[in-house]
Amino acid sequence: MNYLVTGTDTGVGKTFVTSGLVRFARSKGRHVIAMKPICTGDNGDVRQLLAACGGCEQEQIINPIRYRTPVAPYTASIIEDRQIDLDAIRRAFERLIKQYSNVLVEGSGGIAVPIRAEYDYRDLARDLGLNVIVVAANRLGVLNHARLTIESIQAARLNCTLVALNALNPDSDLSQATNLTILEHLVDVPVFSVEYRQTDFAEIVARL
């Protein structure tokens, strides 16, 4: 299967989780790769994904669309007067799925971030036939953000496979200590805890 890795927001650790999954899976002999079809601003995320797969593909395949402006993809396309080429994304994805057992497609921000005026990451997941992995930051507010994201995915008739509840820092408070248990009771998809700087992704990789 192939997956869209989306977030409940920007800055929740999508690249950390995606690259961690790819690196761990490949260390166990799985033929897995990740791509970030649209990158805006700094391309640090793309470099991390390239490193996770050992530089096994050219950057323009891992990241076919690049904008310099650090805003949402649709906004960047307006500012730079260059519409996002959906066919270029499809071509890169089709090339990868012919070579790899799993392709993880990292989105930008959340599931409803616009790519074009009437096309967002829900549409991209549908077009590419992707299941969805949600990365949520383990902090106060995540219960609301995760539930809304999952509801949006399911309302779009997409399959939400799992939630990765990601710790952004080593410290913990009452919210962080209880979010996993509460979220497991509130949503109808599996929720996995990702600890700060975790390297063992065996539980999640087993689901791919």
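Results, tabulated for the structure shown:
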{"item": "Which numbered condition ALA76 misses (of (1) within 26 Å of ASN138 (Cα to Cα); (2) of a type in the set (Gly, Ala, Ser); (3) in contact with a strand residue (DSSP E or B) (Cβ under 9 Å, 6 or more places away or on another chain))", "result": "(1)"}
{"item": "So GLN58, is it surrounded by fewer than 21 Cβ atoms within 10 Å (Cβ to Cβ), closer than 21 Å to ASP85 by Cα and of a type outside the set (A, V, I, L, M, F, W, C)", "result": "yes"}
{"item": "Among residues of segment 141-155, those that are more than 15 Å from VAL113 (Cβ to Cβ) and either assigned to a loop (DSSP other than H, G, I, E, B) or in contact (Cβ under 8 Å) with a residue 12 or more places away in the chain (or both), counted", "result": "6"}
{"item": "Enumeration of residues in segment 161-182 that are surrounded by 15 or more Cβ atoms within 10 Å (Cβ to Cβ), over 29 Å from ARG26 (Cβ atoms) and at pLDDT 95 or above", "result": "ASN179"}
{"item": "Flag if LEU158 is part of a loop (DSSP other than H, G, I, E, B), at pLDDT 95 or above and crowded, with 17+ Cβ neighbours inside 10 Å", "result": "yes"}
{"item": "Residue within segment 117-129 that is of a type in the set (Phe, Trp, Tyr) and within 19 Å of LYS14 (Cβ to Cβ) present", "result": "yes"}
{"item": "Matching option when the condition is in contact (Cβ under 8 Å) with a residue 24 or more places away in the chain, within 10 Å of LEU4 (Cα to Cα) and surrounded by fewer than 18 Cβ atoms within 10 Å (Cβ to Cβ), among GLY129, GLY107", "result": "GLY129"}
{"item": "So THR69, is it of a type in the set (Ser, Thr, Tyr) and under 25 Å from GLN198 (Cα atoms)", "result": "no"}
{"item": "Cross-chain or 6+ apart pairs with Cβ under 7 Å, segment 181-196 first and closer than 16 Å to ALA137 by Cβ, then at pLDDT below 95 and not charged (D, E, K, R)", "result": "TYR196/ASN169; TYR196/PRO170"}
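The values are calculated or read from the model by the stated rules, or taken from the named source; none is laboratory data. On a predicted model such as this, the values are computed, not experimentally measured, just so you know. Neighbour counts run over all protein chains shown; Cβ positions are idealised from the backbone, glycine included.
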